[in-house]
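Read through the structure below, which is laid out as structure tokens, and then see the notes.
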Amino acid sequence: MRSPEKRIIPSAEEIRLMPRSRRFDGLPSLRRDNPFLSWGDVPHSVAPFVPTPVNVVRRMLKLAEVGPDDVVYDLGCGDGRILFMAVEEFEVRRAVGYDINPSMAEPLQEKIENSGLEERIEVVNANFFEVDLSPASVVTMYLTTSGNSKLRPKLEEELGDGARVVSHDFPVHNWTTDKSSEPPHYTVGSHKIYLYRIPEAFENEIRVKRSKEEEGRWKRIRGLFLSENS
């Protein structure tokens, strides 16, 4: 029996150097089954696309104290608003977005090209569970409770000391936030922001526990996604 072919996800830099016509050649291979959650047309997405409000994006980046020395990775980058703000307002060295949905990644690639920021902003149409996250000094994400839990071991293994993880609305269970007082999150209106520092987040003993409010928020987002796709 022939061994299954190993799929190789190109790096963000390799994507950038490809001719535009080849950048999304591998899209059909992204639709294979795997053990992660399913949302809509992309079988192994761990969250629906729900855009983070701009004022929340700005607060997330401020809390993470991003600056010119940082490389920001946005996991599930959607329309790229975090990437653009990180580069244009916070002047980070580089911003890389991963999105498994080609209908999000393709127009974002065009937006990046039209903006003239290809040297500093990159989008990769790939499953972020299968890519190397170690170059990131800041990771941003708006996933789900279970999505964060599935991602936690990878973050612990690959991110270097001093890296920051910023999660919109949903905590990373069994991690300690950077906030020293209760509640363990920051707020912007009805939105919550959880800030973690590596490795302190998983070396400390205080843990963030799942709340009824969090469960309700997850169910509302899931219901919104299902109603829009019914």
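Mind checking the range 96-151 for GluC sites (Glu not before Pro) that DSSP puts in a loop (not H, G, I, E or B) and that have at most 10 other Cβ atoms within 10 Å? Spell out each step's value before the answer.
Working: sites: 110, 113, 118, 119, 122, 130; in loops: 118, 119.
Answer by residue number: 119.
Tell me, what ³J(HN,Hα) does each residue in the range 176-189 have, in order and in whole Hz, if you take phi through Karplus 6.51 cos²θ - 1.76 cosθ + 1.60 with θ = phi - 60° and put x for Gly and Pro?
Whole-Hz 3J(HN,Hα) from phi for the range 176-189: 9, 6, 7, 7, 7, 10, 7, x, x, 10, 9, 10, 10, x.
FYI, it's all coordinate maths here, none of it is from the lab. Treat the numbers as computed from the prediction; the structure is a model and nothing was measured. Cβ sites come from the backbone with ideal geometry, for glycine too, and all protein chains shown count toward neighbours.
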